[in-house]
1. Taking segment 224-255, which residues are in a loop (DSSP other than H, G, I, E, B) and out of contact with any Gly (no Cβ under 6 Å at 6 or more places or on another chain)?
2. Looking at T299, is it assigned by TED's automatic domain parsing to the domain that holds A63, among the hydroxyl-bearing types (S, T, Y), within 19 Å of the chain's Cα centre (by Cα) and buried (at least 17 other Cβ atoms within 10 Å of the Cβ)?
3. Among the residues of segment 161-171, is any over 19 Å from the mean Cα position of the chain (by Cα), surrounded by fewer than 19 Cβ atoms within 10 Å (Cβ to Cβ) and not aliphatic (A, V, I, L, M)?
4. Are any residues in segment 256-281 of a type in the set (A, V, I, L, M, F, W, C), under 15 Å from the mean Cα position of the chain (by Cα) and part of a loop (DSSP other than H, G, I, E, B), and if so, which ones?
5. Please specify each residue of segment 133-156 satisfying the condition of being modelled with pLDDT of 95 or more and more than 14 Å from the chain's Cα centre (by Cα).
6. Restricting segment 151-207 to residues that are touching a Leu at 6+ places or on another chain (Cβ under 8 Å), in a loop (DSSP other than H, G, I, E, B) and of a type in the set (G, A, S), which is farthest from D228 (Cα to Cα)?
7. Counting only residues that are over 18 Å from R44 (Cα atoms) and among the hydrophobic types (A, V, I, L, M, F, W, C), which one in segment 76-103 is surrounded by the fewest Cβ atoms within 10 Å (Cβ to Cβ)?
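The values are calculated or read from the model by the stated rules, or taken from the named source; none is laboratory data. Since we're looking at a predicted model, the values are computed, not measured. Cβ coordinates were reconstructed from backbone atoms using ideal geometry, including for glycine residues, and neighbour counts include every protein chain displayed.
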Amino acid sequence: MDGRDELMHEAATMYYLQDATMETIGRQLGMSRSGVSRLLKTARERGMVQVQVRPPGAGGAVARRVERLFPVRAHVVPVRSPLTEDVRLDHVARYAAQLLLGWFGHGMTLGLAWGTTVAAVSAHLTHTPIREATVVQLNGAANTSSSGLSYGTDLVTQFAQAFDAVPEHFPVPAFFDYAATRELMWRERSVRHVLSVQARADLAVFGVGALVAPVPSHVYTSGYLEPDDRSALAADGVVGDVCTVFLRENGSWEDVAINARASGPTPRQLQAIHRRVCVVAGEAKVVPLRAALRAGTVTDLVIDEPTANALVRGTIP
């Protein structure tokens, strides 16, 4: 660390760990109170200091109810009503970003599924260097109306830059035209390399896609699905997706036809990842979230309190 970094670390240690006032720190370091305040602000922005505010108890009463219904750790974000859906998502995304700072460590691989929710999380990441870390894209992003590559790769790049990690992009379509094409593509060495990085992920972050929601899921609004695809999903009883793999409300997915053409990891493949973080905001996501939970895709659920209450009310034990 250079001289300013050392000063910043000393000020942060005194303020956050020793409960010293800014006036006391200023006298000891020979600087003004406003100078100490600026040091502490910079320490937070650089990720030297990570502040978390947790709900009372073990995540609050609703978190415990969620955990009784599903084998997950529930991280419930208290929000005031009424809030617009965009603001609610922003609150949950900010909380998820703070949790991620504590979960993603040196030498780890983070798997990332692109989407509206994960994009919101990326906006709240602070620069927190991690040694020998990797961020890998879990699902392809190209579609028939555009390459779609910039959306997925930009998100992976943003996460990688936040942690000084190595980005591993996945330059394949979100959905192939033919299942046989995907099988052939999966034999290519460049694709096998990315798949192998995905397979050794320690941590995954993703949202759930809903067919209809106030904040639209990216996969349903950006040219990824043809009218015939939508009709087939409706006929199959699909309620949403995780990592662009479609689910019915009971969590089944294996015989949904379009999944044979999807580039994302299946629920079974996700289960091989130790920590699987699902970030959800808004009651419109309750039905697909319940499907994702029943499919066993989630170990840690980051969710706003009204949506958690709706999940509990609508679930039959």
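1. Y224, L225, E226, D236, G237, E249, N250, G251, S252, W253, E254, D255
2. yes
3. Looking for residues that are over 19 Å from the mean Cα position of the chain (by Cα), surrounded by fewer than 19 Cβ atoms within 10 Å (Cβ to Cβ) and not aliphatic (A, V, I, L, M), one finds at least one in segment 161-171, hence yes.
4. Hits for segment 256-281 are I273, A281.
5. Across segment 133-156, the qualifying residues are A133, T134.
6. Checked segment 151-207; the qualifying residue farthest from D228 (Cα to Cα) is A165.
7. Among residues in segment 76-103 that are over 18 Å from R44 (Cα atoms) and among the hydrophobic types (A, V, I, L, M, F, W, C), the one surrounded by the fewest Cβ atoms within 10 Å (Cβ to Cβ) is V87.
Residue-by-condition table, conditions (1) touching a Pro at 6+ places or on another chain (Cβ under 9 Å); (2) of a type in the set (V, I, T):
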site	(1), (2)
W103	no, no
M108	no, no
R131	no, no
G140	yes, no
T153	yes, yes
Q161	yes, no
F176	no, no
